[in-house]
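Q: The structure is given below, and queries will be raised subsequently.
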């Protein structure tokens, strides 16, 4: 247990080291960066009524970092915003606080990320890896998986450096996985829905969950049992959705607007450079010129779903946790490569499940982690040179640490 | 390979981009002075308030770095650019600290190899203790955030110790002389070296091992003396030739600075000052003392201050007290011949005595005690016990050095992580030898828990009570006094143990 605590402390230490660096868009008007986006969302959610959060209005200019994550993010921003307003009203004054930057504010924002880590992500990691023989037979294997997860630099560079709250959605996802391993199916469903309602990117992981539960219930002794379990699961999932979307339920137009914001077809196939299949293909075939956005979206959807089929079917036939974890990785990889409008940050969604198999395939996972970090290197080197340098410095020690575990 | 892995712990802290302490500017200034000015101006220049106050070899060391610095950012080498902090400057300085820490890593490995010959050290424990020494949280905070080159200097010290442990006494002496000429604070532990080396290399023994007082020194003595003289000549030679010796010595030993630093190092004098203040306040309340000059000693400025009720202390008093307290352990060292580990113990005790009773001691000098002690930590249960307590206290006492709110999480997690690693090591090591009983008795545990309350008070309660306006230096004083009690306790216990071996 002490070893786990040591790794935790070390992880927190590393995260805070990263937090001392500048955040994205620091000192760069007029749009700044993701940090300003989060601050702006706090401003919007604190000052405007719920109904107006996702709607373009004079008070809420959606062109300037409009909310484009599902409601749970909005509620979280509201909570943070309330605390922010208590500390210093200037942090969240409507309109006036745009581009507000100060040392105190940066410290406050960094602390919010740390709080999420302490409340959600770290307990989730413990839940998943501590004493969970289904993942790894040996204790040291479990410990190495735990360390791989805690110390994966990609996650905390994005969260503490660039500034986002991936640890919230990923933490909830990890809890869902942990509960699945403990055969607490309905609880697992609840947490996965919560994760999905935090960031829609969790859809990458939805197929494996679906296939697993479907397969597991199908294997029930009688058809009636199967139907019963399926309907309870369906009810639980639906109920959680309703709870999350509760304030918006009486207004269908609003719901559609939110869905439009969450799935921005208009944004195009890809942004900048990202290691997806379409981006690479675009070097030869100018896909952006050949197809319209909606056609392209359809193509992406069909490719992704069809390629995910083998893994999903396999999981359906053999709904065991072992198969589940590989399926998670496979399907999220496919989504990453073939989806519409993929961000380079989405590689996190592949990397986190990868830590589940670290004890069995340390070399491959290690290699994958390093490559994923190098991607950040390239992406950010345009934004800041310090961030790029910092990534390099993190990846080499990580490399060594990981090889130590092998 | 394991060395490299542990090595990478250190760079993490370097990522502190912008908020650096005055020590950063100090070193930048020295790079500028050694680069731009001829040698004869080095100890005379005072454009910046941070004049060169380390011995000449360190100046040479800065000069060598400045030759590389010009490729990073030439502007940092202009003396007039006071407080110049471009990104490349910060990067360069941080990199130099990381680079010199490599020597530190090497020296630790050498020492631990010697330790391995004395006690049974499994490979995993070897790694653990390496991390604990190399990643000493206090050292990490001081070197990589606050900015100094202590890692490198301790590297030289540990190298010298390693050579002595390997019975290569002359090399040990050489490295220690180099060290003295890099930073003269190591004079604190010079007596231990002197006694040990004289005993081993110079004093002749008769057949029963008793020292023959009336005989000529051994041949090695001449080699020893010539090494010492050679190193000092290389270092001070140029300045003696320039007739600047007095100026250099004046810069190195600024005795005017007062009994305590602005933040009282947790030594005896901190308690003494506190008693004085306490009695003054008491006296005022009871009407025994007339209204006195309330200039606070913890006012944050380094200045001379007269004690009000208790007698004033002069440098000579501290010197005598230090020497007297050192004598028993030096005598013990003389008697226990041919035991280099006893030498390491005396070294630690000398550092301890100088820290506790010296004049104008910096709180960073606690590292001088804790790092050699970490080598001794597994040798016996008592040493383990005192090392554990002292480790926590010393790291906590360094907290005031790192005071911005951004750094709070860092220093707290560093302390917790380091202590936790230490407990892991101790559990793993001692379990196979003794019954796992707790090392610390109840009072010691309570004391360490008390540190938590001190921390909470300093961070939150002091501000909440509004006392930060009327009594701004109360937190510092509480930290000093609380830590000095613990440190004195450890000193006493360790001394008793050492004399009874």
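Q: Regarding residue B:458, is this residue surrounded by fewer than 19 Cβ atoms within 10 Å (Cβ to Cβ), out of contact with any strand residue (DSSP E or B) (no Cβ under 6 Å at 6 or more places or on another chain) and touching a residue at least 12 places away in the same chain (Cβ under 8 Å)?
A: Details: surrounded by fewer than 19 Cβ atoms within 10 Å (Cβ to Cβ): yes; out of contact with any strand residue (DSSP E or B) (no Cβ under 6 Å at 6 or more places or on another chain): yes; touching a residue at least 12 places away in the same chain (Cβ under 8 Å): yes.
It is true that residue B:458 is surrounded by fewer than 19 Cβ atoms within 10 Å (Cβ to Cβ), out of contact with any strand residue (DSSP E or B) (no Cβ under 6 Å at 6 or more places or on another chain) and touching a residue at least 12 places away in the same chain (Cβ under 8 Å).
Q: Assess whether residue A:319 counts as being out of contact with any strand residue (DSSP E or B) (no Cβ under 9 Å at 6 or more places or on another chain), in a loop (DSSP other than H, G, I, E, B) and within 24 Å of residue A:176 (Cβ to Cβ).
A: yes
Q: Shifting gears a bit: Please state which of the following conditions residue B:417 fails to meet, knowing it meets all the rest: (1) under 30 Å from residue A:12 (Cα atoms); (2) buried (at least 17 other Cβ atoms within 10 Å of the Cβ); (3) more than 14 Å from every other protein chain (Cβ to nearest Cβ); (4) modelled with pLDDT of 85 or more.
A: Status for residue B:417: all satisfied but (3).
Q: Quickly run through segment B:60-88 and pick out the residues that are touching a helix residue (DSSP H, G or I) at 6+ places or on another chain (Cβ under 6 Å), touching a residue at least 40 places away in the same chain (Cβ under 8 Å) and in a helix (DSSP H, G or I).
A: Correct list: B:76, B:77.
Q: Among the listed residues B:57, B:121, B:102, which satisfies the condition of being under 26 Å from residue B:162 (Cβ atoms) and part of a loop (DSSP other than H, G, I, E, B)?
A: Going through B:57, B:121, B:102 in turn, just one is under 26 Å from residue B:162 (Cβ atoms) and part of a loop (DSSP other than H, G, I, E, B): B:121.
Q: Let me ask another. Out of (1) buried (at least 19 other Cβ atoms within 10 Å of the Cβ); (2) more than 18 Å from residue B:150 (Cβ to Cβ); (3) more than 14 Å from chain A (Cβ to nearest Cβ), what's the single condition that is false for residue B:382?
A: Of (1) buried (at least 19 other Cβ atoms within 10 Å of the Cβ); (2) more than 18 Å from residue B:150 (Cβ to Cβ); (3) more than 14 Å from chain A (Cβ to nearest Cβ), only one is false for residue B:382: (1).
Q: Has segment B:19-34 got at least one residue that is modelled with pLDDT under 85 and more than 28 Å from residue B:247 (Cβ to Cβ)?
A: There is at least one residue in segment B:19-34 that is modelled with pLDDT under 85 and more than 28 Å from residue B:247 (Cβ to Cβ).
Q: Here is a further query. Has segment B:420-427 got at least one residue that is surrounded by 13 or more Cβ atoms within 10 Å (Cβ to Cβ), under 21 Å from residue B:371 (Cβ atoms), under 23 Å from the mean Cα position of the chain (by Cα) and touching a residue at least 60 places away in the same chain (Cβ under 8 Å)?
A: yes
Q: Here is a further query. Regarding residue B:176, is this residue without any contact (Cβ under 8 Å) to a residue 24 or more places away in the chain and over 25 Å from residue B:420 (Cβ atoms)?
A: Yes, satisfied.
Q: If residue B:467 satisfies every condition in (1) more than 14 Å from chain A (Cβ to nearest Cβ); (2) surrounded by fewer than 13 Cβ atoms within 10 Å (Cβ to Cβ); (3) more than 23 Å from the chain's Cα centre (by Cα) but one, which is the exception?
A: Unmet condition: (2).
Q: Would you tally the residues in segment A:6-54 being under 24 Å from the mean Cα position of the chain (by Cα) and either under 30 Å from residue B:427 (Cβ atoms) or facing chain B (nearest Cβ under 9 Å) (or both)?
A: Selection size over segment A:6-54: 16.
Q: Name the residue, out of B:403, B:453, B:473, that is within 14 Å of chain A (Cβ to nearest Cβ), out of contact with any helix residue (DSSP H, G or I) (no Cβ under 7 Å at 6 or more places or on another chain) and either closer than 24 Å to residue B:273 by Cα or at pLDDT 85 or above (or both).
A: Of B:403, B:453, B:473, the one residue that is within 14 Å of chain A (Cβ to nearest Cβ), out of contact with any helix residue (DSSP H, G or I) (no Cβ under 7 Å at 6 or more places or on another chain) and either closer than 24 Å to residue B:273 by Cα or at pLDDT 85 or above (or both) is B:403.
Q: Among the residues of segment A:322-362, count how many are outside any helix (DSSP H, G or I) and surrounded by 20 or more Cβ atoms within 10 Å (Cβ to Cβ).
A: Of the residues in that region, 6 qualify.
Q: Please determine, by comparing only the residues of segment A:133-180 that are touching a residue at least 12 places away in the same chain (Cβ under 8 Å) and not in a helix (DSSP H, G or I), which one is farthest from residue A:191 (Cα to Cα).
A: A:138
Q: Out of the residues in segment B:318-342 meeting the condition of being in contact (Cβ under 8 Å) with a residue 60 or more places away in the chain and outside any helix (DSSP H, G or I), tell me which one is nearest to residue B:166 (Cα to Cα).
A: B:338
Q: Applying the selection to segment B:73-124, what residues are within 14 Å of chain A (Cβ to nearest Cβ) and either in contact with a strand residue (DSSP E or B) (Cβ under 7 Å, 6 or more places away or on another chain) or more than 28 Å from residue B:28 (Cβ to Cβ) (or both)?
A: Matches in segment B:73-124: B:123, B:124.
Q: In segment B:141-174, what count of residues is obtained for those that are assigned to a helix (DSSP H, G or I) and within 23 Å of residue B:118 (Cα to Cα)?
A: So the answer is 17.
Q: In addition: Considering (1) outside the structural domain of residue B:152 (by TED's automatic domain parsing); (2) within 25 Å of residue B:363 (Cα to Cα), say which one residue B:104 fails and leave the rest.
A: Against the list (1) outside the structural domain of residue B:152 (by TED's automatic domain parsing); (2) within 25 Å of residue B:363 (Cα to Cα), residue B:104 comes up short only on (1).
The values are calculated or read from the model by the stated rules, or taken from the named source; none is laboratory data. Note that the coordinates shown come from a computational prediction; the quantities given were computed from them, not determined experimentally. Glycine gets a Cβ as well: all are built from the backbone with ideal geometry, and neighbour counts include every protein chain shown.
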